[in-house]
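Can you read through this structure? Questions will come right after.
The values are calculated or read from the model by the stated rules, or taken from the named source; none is laboratory data. Just so it is clear, the model here is predicted, and its values are computed rather than measured. Positions of Cβ are backbone-derived with ideal geometry, glycine not excepted, and every protein chain shown enters the neighbour counts. Ligands, DNA and RNA are stripped out before the accessible areas are found, and what is left, the full protein with its side chains, is counted by its heavy atoms. Shrake-Rupley method; radii C 1.70, N 1.55, O 1.52, S 1.80 Å.
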Amino acid sequence: MLAARDEIRAFKGEKKQLHHGIERTSRTKEDVQPCHGSLSRPGITSGKCPVRPEIVRFKLGGSASHQLSATALLGSPDGSRHPLDVCEFTEEDYRHHNGNGNNGHYQNGRSGAGIWECLIGCRRRLDQQLARRRVEQGLKLYRAHKQQAAVRKWRGALKSIRHREDKFALLGYLYQAYMDWGKYRDSIEFGNKQLCISEELDSPNMRAEAYLNLARAHERLGALDRALDYARHSLYNECDQCATAGLVHLTVGRVHLELAGFCKALEAFQRAHKIAHSIQDPSLELQVYVGLSELFCRLQDADKSARYAARAYDLSRSLQLGDLNSRHHRAALLQMAAALRKKGELGDAHDYCSEATRLSLVSGDEASYARSIRIMGDIYRKKSDINADNIGEIKMDILQKAFRQYESAMGSAAATGDRLCQMEAMDGAARCLEALRLQHKICNCRPLEFNTRLLEVAGSVGAKLLVRTVRSRLSRIYGSLGDEEQKGHHERLATAMEEDLELRCGSCNEPFGLEADSLEALPCSHILHARCAYDILKKRDKKKKRLCPDCHKSVSSRLYLHCEDPHGMNTLNHSSLSLASLRASSLATLEDCHATSSV
């Protein structure tokens, strides 16, 4: 009896202690203070969940002694952290708009709308974390040349990402991916979205990047005036010595190059080159060398064009940009092919162009693919010029092969909207037709029609040098047809365009850039004949300063973009120009690449 009585007393004592412990944890609605944080439980140090006790307590029985708090979450049995522990919640995550458009707060002024809004905030925060993880996974896939899988990851993350800074960066990744594919119209859409975010945040750096992206896309689409406007807006919002400013100057140089403003293009390239050296950006320096090679290629200086192309190619092989399948390496390969074709080294040019075509197909780069087959057409056409003394049937076969390459390039460029590449391919096709016309293989009708269409395209883009070339060609065609009026008309317009281009040496007043010649660039960005520039530099008279004949600025020494040429004339190493060496160097890094082509 005594033992049973002691057990009953002990049981009543434990029940009474449990009852008082639960009452201490219970709070009324008036005791709850407003808070703006996350869930509160043992193990979560930042717990500030705005919960109402009358909602979260569950009825276990009829009396208050059986009410427990739902915030008392149990710890993980294996010692691992709860998934919510990795997230830090803010008041922004709990904002929920009701039907009247007001935030979910109590009418008496207290913040928080209960456990439902808390769970919505948790969901949003978790979605944000998952979106960031998808972005990182997309970057890894893109570096592994799995572009399509990377873009799918990024598009999925774009639907759920909420922070505007992260969304701006993600739009930049998508912009670059579509630019690499040659889908410039889609790139403009991402650039416009970036511009909207930069205006909302009022960030000059973001605004500068958005305008730069729009300028680059419009430049490839042939809207050169609009590209210049975007580039100027970008410079208004950015510092002078940074990567974005360097890319803006590079874009400005490319636009002026298409507009045949060669001195302005050279000045912009010099500024970009200076920034690349100051911030130690080899990828920007590579792109500057590609632009300079194209500039001297259009001015008919094949040696200097090949020299700058060789520098770009050497940088593309030494850069730590992933591997040899980067877009910079493809651009350097194509510029090497174009420069060597200009020099007449067609075998080496063919090897470089074939390798660039293969890498473009592997990476799905439609823009580089279109340009590569256009350059291949130039190589075939150059072969027909060299073999002019051979049998006419062989030459005609080579010209027809070149014409097919140009037609394919025009189709690919039209699909991507690349008007510049399309215009260059049309010019190559017009040259093939002109060669066939001179051999009396075709009549004058088709070359006349084709050059008339090309003149319209070049005029709409603003390519003055090409307009001058096409008008001279039309003058010869009309002369063959016996139409002296149209012949004289196009001759006068071609002469006026030549004067407008200002392609005259300031020292000897003779034209340059229209025929093969050796040129030299001065520090003030004026271009002279090499012989005229050397005469200026040879002056030793201390009383008479060496001055530029155009702007009368002092010329201290010969300049190659503020840097000495470490390789001299040996920069172009012909021992590395074979296709076997190119394929060996690139296949070593592409053997594990499972990229799929979108071409």
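Give the residue, chosen from GLU117, GLU136, that is at pLDDT below 80 and either open to solvent by 60 Å² or more (accessible area, probe 1.4 Å) or not hydrophobic (A, V, I, L, M, F, W, C) (or both).
Going through GLU117, GLU136 in turn, the sole match is GLU117.
If you check GLY191 against the conditions, is it closer than 30 Å to ALA458 by Cβ, modelled with pLDDT of 90 or more and either in contact with a strand residue (DSSP E or B) (Cβ under 6 Å, 6 or more places away or on another chain) or not aliphatic (A, V, I, L, M) (or both)?
On the way: closer than 30 Å to ALA458 by Cβ: yes; modelled with pLDDT of 90 or more: yes; either in contact with a strand residue (DSSP E or B) (Cβ under 6 Å, 6 or more places away or on another chain) or not aliphatic (A, V, I, L, M) (or both): yes.
Considered against the rule, which asks whether it is closer than 30 Å to ALA458 by Cβ, modelled with pLDDT of 90 or more and either in contact with a strand residue (DSSP E or B) (Cβ under 6 Å, 6 or more places away or on another chain) or not aliphatic (A, V, I, L, M) (or both), GLY191 comes out as yes.
Check off (1) modelled with pLDDT of 65 or more; (2) under 30 Å from SER278 (Cβ atoms); (3) in a loop (DSSP other than H, G, I, E, B) for CYS563 and give me the number that stays unchecked.
It is condition (1) that CYS563 fails.
Any chance you could count how many residues in region 179-189 are crowded, with 23+ Cβ neighbours inside 10 Å and not in a helix (DSSP H, G or I)?
Here the count works out to 1.
A follow-up question, please. Can you tell me which residue is farthest from TYR313 (Cα to Cα) among those in region 356-370 that are touching a Lys or Arg at 6+ places or on another chain (Cβ under 9 Å) and in a helix (DSSP H, G or I)? Reasoning before the result, please.
Of region 356-370, the ones touching a Lys or Arg at 6+ places or on another chain (Cβ under 9 Å) are 356, 358-360, 363, 365-368.
With in a helix (DSSP H, G or I) added as a condition, the list becomes 356, 358-360, 363, 366-368.
Values: ALA356: 12, ARG358: 17, LEU359: 15, SER360: 16, SER363: 19, GLU366: 21, ALA367: 19, SER368: 16 Å.
Here the answer is GLU366.
Please work out if ALA144 is in contact with a Phe, Trp or Tyr (Cβ under 7 Å, 6 or more places away or on another chain), among the hydrophobic types (A, V, I, L, M, F, W, C) and closer than 22 Å to ALA367 by Cα.
no
Condition check: of a type outside the set (Ser, Thr, Tyr), crowded, with 21+ Cβ neighbours inside 10 Å and modelled with pLDDT of 95 or more. Does ALA337 satisfy that?
Yes; evaluated as a whole, the condition is true for this residue.
Inspect region 301-320 for any residue being at pLDDT below 90 and either under 28 Å from LEU503 (Cα atoms) or part of a loop (DSSP other than H, G, I, E, B) (or both) and give the result as yes or no.
The answer is yes, given that some residue of region 301-320 is at pLDDT below 90 and either under 28 Å from LEU503 (Cα atoms) or part of a loop (DSSP other than H, G, I, E, B) (or both).
With the requirement that a residue be free of Cβ contacts under 8 Å to residues at least 24 places away in the same chain and over 9 Å from the mean Cα position of the chain (by Cα), what does region 170-182 give you?
The one that is free of Cβ contacts under 8 Å to residues at least 24 places away in the same chain and over 9 Å from the mean Cα position of the chain (by Cα): LEU174.
Any idea which of (1) assigned to a helix (DSSP H, G or I); (2) over 19 Å from the mean Cα position of the chain (by Cα) is the one ARG162 doesn't satisfy?
Evaluating ARG162 over (1) assigned to a helix (DSSP H, G or I); (2) over 19 Å from the mean Cα position of the chain (by Cα) leaves (1) as the failure.
Also, I was wondering about something else. Is region 163-178 home to any residue that is open to solvent by less than 30 Å² (accessible area, probe 1.4 Å), under 20 Å from GLU294 (Cβ atoms) and among the aliphatic types (A, V, I, L, M)?
no
With over 25 Å from TYR184 (Cα atoms) and surrounded by fewer than 19 Cβ atoms within 10 Å (Cβ to Cβ) as the only criterion, which of GLY344, GLY411 stands out?
Matching residue, one of GLY344, GLY411: GLY344.
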